Amino acid sequence: MPYRTEDVDLTPDRTDDRREVTFAEDLVILPDQTGDDTDAGWGEHSGSNDDRLLADRPPHWG
């Protein structure tokens, strides 16, 4: 039977429950980008084709 939040006493009753926890700001758990999410991970060259895509815009785009 699940507990209702009204039935659970959430006040700290042990010393370990009341201890202060500090978090390290410079801790990196996961990288921002994985190796599979790069051009090299997909087997492609690392150059950008933004200039080509902008030049290939349809004329009505201006």
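3J(HN,Hα) couplings calculated from phi for segment 36-45 with the Karplus curve 6.51 cos²θ - 1.76 cosθ + 1.60 (θ = phi - 60°) are, in sequence order, 6, 9, 10, 4, 5, x, 8, x, 9, 6 Hz; Gly and Pro show x.
Among 36-43, 24-31, the peptide with the highest mean count of other Cβ atoms within 10 Å heads the list, and the full ranking is 36-43, 24-31.
Quick note: the coordinates plus some simple rules give every number you see, no bench work behind them. Since the model is a prediction, treat every value here as computed from it, not as a measurement. Cβ sites come from the backbone with ideal geometry, for glycine too, and all protein chains shown count toward neighbours.
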